[in-house]
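Reading through the structure tokens given below for one structure.
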Amino acid sequence: MITAKRIVLASRPTGAPKPENFRVEDAELPEADEGEVTVRILYLSLDPYMRGRMSEAKSYAAPVPVDGVMEGETIGEVLKSRHNDFAPGDIVRGRTGWVTHAVIRGDRLRHVETHGAPLTTAIGVLGMPGFTAWSGLKFIGKPKPGETVAVAAASGPVGSMVGQLAKLWGARAVGIAGGADKCAFVKDELGFHAAIDHRSENLPSELKTVCADGIDVYFENVGGHVWDAVLPLLNTYGRVPVCGLVAHYNGTSTSESDRLPETMSAILRQSLLVRGFIQTEFAPDHFDEFLSDIGPRVASGEIKYREDIVDGFENAPEAFISMLTGGNFGKLIVQLS
Ligand SMILES: NC(=O)c1ccc[n+]([C@@H]2O[C@H](COP(=O)([O-])OP(=O)(O)OC[C@H]3O[C@@H](n4cnc5c(N)ncnc54)[C@H](OP(=O)(O)O)[C@@H]3O)[C@@H](O)[C@H]2O)c1
């Protein structure tokens, strides 16, 4: 019998989550039934959307119940299998949640395929975040050669892929990130044409300088004051894939309506396309195409990425809380000992 650990939602946060909103528990792992697989978790992905699952506010997915296991995707090693597609030793990914071990139906697991890149890329640049960037830019942003694509959270797994794809497809990539180190990484390592620090008091004018011909595609990851700076620079027929609004995830107020007239007026005046999406809209039909397109480019080093790997299962809540205000530098992953 395996005694697993799991992290549950102890209480719903108001504003920024705190360590006491989480609880680490022991749990006896049941034996796998027919069609199930027992997995030992190696890596846990921490992602901004999990803040939404901690809240009861209306969303595209049900909240985690209080005392329920926090949701999340993991990479693990199969220990025992009662499913024909999996054998002990296989490396798999699946939505097991924040646990050290899981018994899960085999049809909810996928073998990890990274084209020779490290395993962790399966939950980062070659997993859900990388696919989010690829699908949102390809199907909604549709940058043309010579156009300017801007993206915030540019050193993170979604933003870094957006800018590198924009470049690959012949557009100019402008990254917005928090702090000098992240901006240097975005410009010098990822090769964006420019990187601007959103913490600068002069964000609007600095952004305007590097987007001298305006912005054709703004890949919206954050909202907040970055959106305020971007809005006046959007060109006619600009496209705005709305991917995430992390600047607002900890917000308790719903009365930020002062931005609404300005936003709606720009949408009208500039004939903007503003289109929200959740990557699951595109994944069933396009994930394999993404992986065969981007996998070899990541493995060869043509597409670069950065991971922020935190050691120890118990450190997941603190790392997650910090990510929501920019404490991570790259795709945030917890490595289980
Ligand atoms: N629609 C979908 O299907 C989908 C799927 C995956 C992710 N997403 C969304 O995509 C966005 C990026 O996700 P990710 O996994 O790549 O996250 P990430 O970049 O690893 O982490 C979030 C980053 O957001 C930035 N940030 C936080 N508060 C901010 C603020 N007030 N103003 C500006 N930037 C702020 C921070 O970077 P800096 O330090 O650089 O500011 C932080 O590191 C998130 O909004 C996420 O919810 C959506």
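The values are calculated or read from the model by the stated rules, or taken from the named source; none is laboratory data. Every value quoted in this text rests on a predicted model; they were computed, and no experiment measured them. Here the Cβ positions follow ideal geometry from the backbone for every residue, glycine too, while neighbour counts run over all protein chains shown.
So which residues in the range 316-337 are among the aliphatic types (A, V, I, L, M), within 10 Å of the ligand (Cβ to nearest atom) and not in a strand (DSSP E or B), if there are any at all? Scanning the range 316-337 gives Met323, Leu324.
Can you tell me which residues in the range 273-285 are part of a helix (DSSP H, G or I) and within 13 Å of the ligand (Cβ to nearest atom)?
Gln279, Thr280, Glu281, Ala283
Residues in the range 175-221 that are under 20 Å from the mean Cα position of the chain (by Cα) and in a loop (DSSP other than H, G, I, E, B) were compared, and the one that is surrounded by the most Cβ atoms within 10 Å (Cβ to Cβ) is Phe192. The strands (runs of 3 or more DSSP E) found entirely in the range 65-172 that carry 2 or more residues being assigned by TED's automatic domain parsing to the domain that holds Tyr218 and among the hydrophobic types (A, V, I, L, M, F, W, C) are 148-152. The residue that is farthest from Glu220 (Cα to Cα), among those in the range 256-297 that are loosely packed, with under 15 Cβ neighbours inside 10 Å and of a type in the set (Gly, Ala, Ser), is Ser292. Residues in the range 109-163 that are farther than 25 Å from Val92 by Cα and touching a Cys at 6+ places or on another chain (Cβ under 7 Å) were compared, and the one that is surrounded by the most Cβ atoms within 10 Å (Cβ to Cβ) is Ala150. Quick check, is Ala133 under 22 Å from Asp228 (Cβ atoms), modelled with pLDDT of 95 or more and within 16 Å of the ligand (Cβ to nearest atom)? No: the conditions fail for Ala133. So for the range 249-263 (the condition being among the basic types (Lys, Arg) and at pLDDT 95 or above), does at least one residue qualify? The answer is no; no qualifying residue exists. If you check Phe313 against the conditions, is it modelled with pLDDT of 95 or more, under 19 Å from Lys5 (Cβ atoms) and more than 15 Å from the ligand (Cβ to nearest atom)? Yes: the conditions hold for Phe313.
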